[in-house]
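The values are calculated or read from the model by the stated rules, or taken from the named source; none is laboratory data. Only a predicted model underlies this, so the values are computations on that prediction, with no experimental measurement involved. Methodologically, a virtual Cβ is constructed for each residue, glycine included, from the backbone with ideal geometry; neighbour enumeration extends over all protein chains shown.
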Amino acid sequence: MLGELMTRELAHIGERINHEKMQIAKQVQTERFADLTDIEREEISKYETEILNLRAAFISMFGDSLIKSSKGEEVSGVFENWGAETGKNLCVQGVSLDEALMDTALYRKYIWKVIKREVLKNELAAETVFEIIETIDPLLDTAVHAFSLAYVRSYSETLNNSKKAFLELSVPVVPITDSVAILPLIGDIDTDRAQLLMEETLEKSRELGISHLILDVSGVMIVDTMVANELFKVTDALKLLGIKVIFTGIRPEIAQTMVNLGLEVDGLVFLGSLKKALTRLNKQNVL
């Protein structure tokens, strides 16, 4: 339980911080923008007032925290919520994490300037100063921690979404006639891409209503057990849909790998090039 004197002194410091929140925000912003180039300054000038108001609102949270803590109220949740929301927003806006965290030291610096001035001016008790330290610094740390977690989480989500979008583009089932489509595979096939290969190939082939799919693997540099098995799983699944598969671009080393792996290739069509596949289908009056 805080003493009456400390309660009054904490409330006084909190009120002073709130009273000077805009001035503190301007000091933080001035120092923060000091190293900006003319182009960067011109670009950010459109949002300068909005940023300043956001800074002032954040600073007032510290003033409010001292007032509330003087009454024994819990305040850390507000800072956790602020950190979580702000971290996500800045990540979405493309602000780098290290750049965003540069403000931390400036907030600490200018808030404590006000506190120091008021402590000396009003000769506040040492116990009050210790209580302020035990309130302000942990709350700033809480905000930074919540901010960092939210930022990293949002960044990971963005990265995963980008990866998913890229993988979807890496399974291009391209129709060349109403009954024939080509799936050119390029690059490495890992577990994630293999799973998407199965899902997207079946879905797109069904949507197109094709009867033949040319699966060109000339751009796949490495064919190991996993890759070969996944390709054959796709083939088996397509057979169930009544779709015939022709493999093209099978290099000698890939064929040797399949033999060494003991994979069953009976009934599958392997041709050296896309041209040969098209010629074969044309002779069969499929094209």
| request: Select from the stretch 35-47 the residues that are outside any loop (DSSP other than H, G, I, E, B) and either in contact (Cβ under 8 Å) with a residue 60 or more places away in the chain or among the acidic types (Asp, Glu) (or both) and list them in ascending order. | output: Asp38, Glu40, Glu42, Glu43
| Can you tell me which residues in the stretch 119-145 are more than 43 Å from the chain's Cα centre (by Cα) and on the phi < 0 side of the Ramachandran plot? | Val119, Leu120, Lys121, Asn122, Leu124, Ala125, Ala126, Glu127
| query | In the stretch 203-223, what residues are part of a loop (DSSP other than H, G, I, E, B) and without any contact (Cβ under 8 Å) to a residue 40 or more places away in the chain? | reply | Gly209, Ile210, Val220, Met221, Ile222, Val223
| query | Would you say Leu124 is in contact (Cβ under 8 Å) with a residue 60 or more places away in the chain and not in a helix (DSSP H, G or I)? | reply | yes
| Val171 vs. criteria among the aliphatic types (A, V, I, L, M), closer than 30 Å to Val217 by Cβ, at pLDDT below 90 and not in a helix (DSSP H, G or I) | yes
| said: If I ask for residues that are among the hydroxyl-bearing types (Ser, Thr, Tyr), assigned to a helix (DSSP H, G or I) and closer than 25 Å to Ile133 by Cβ, which ones from the stretch 48-95 would you list? | reply: Ser60, Ser65, Ser69, Ser76, Thr86
| Checklist (1) surrounded by 16 or more Cβ atoms within 10 Å (Cβ to Cβ); (2) among the polar types (S, T, N, Q); (3) not in a helix (DSSP H, G or I) applied to Thr177, failing item | (1)
| task | Identify, by number, the condition in (1) surrounded by 15 or more Cβ atoms within 10 Å (Cβ to Cβ); (2) modelled with pLDDT of 90 or more that Thr49 doesn't meet. | result | (1)
| Every residue from the stretch 76-132 that is surrounded by fewer than 14 Cβ atoms within 10 Å (Cβ to Cβ) and acidic (Asp, Glu) | Glu85, Asp98, Glu99, Glu123, Glu127
